[in-house]
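Please treat every number below as a calculation from the coordinates, not as lab data. The model shown is predicted, which means the values in this text are computed figures rather than measured ones.
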Amino acid sequence: MGDRQAVEQHHTVEAQAQLPSSPPSNSKDDMVSCVTALETSLLPCLPARELQAIDRSPHPSHQIDVDKHARDFMEAAKKLQLYFISLQREDQPTTAEKLRKEIAQMEEELNIKNELIKKQENLIQEWRNELKDQLDKHNIELDRV
């Protein structure tokens, strides 16, 4: 049992050394190291028979080990949570970006509508010209008669 605790503590120390001390960045390695640290600190907290026996043990050092493992787990969980929160914040655009995008969409829509209006005005002008030509032809024929 002592060997197991030594190995677990070694893994926990290695995993903590891998964790960034600053806020987590967006790399996959940071996330993997957070998950690894979470797993290594979670293993000693699992309700194994040995840990249950340690919990009932009158020796205060055993309880300290359990508390230490629980603290390690909570620290790793917090770092992982901060990492995912930072990813979520990056995915959401800022208000200024939302407004710029909305303005760009409105400008594009306005340009499309202006082009449609110009097309319709050109069609109307062509129809007026055709009607004027028709009227002129009819007036010329009426004058002949």
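Numbers at a glance
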quantity: Extended-chain gain in nm, criterion 0.36 nm per residue less alpha-carbon gap, E75 and E108; calculated: 7.0 nm
quantity: With 10 Å bins from 0: P(r) over region 80-120, alpha-carbon pairs, percent; calculated: 26, 26, 21, 16, 8, 3
quantity: Set of lysines near K119 by C-alpha distance (under 23 Å), chain-local residues within fewer than 8 positions excluded; calculated: K132
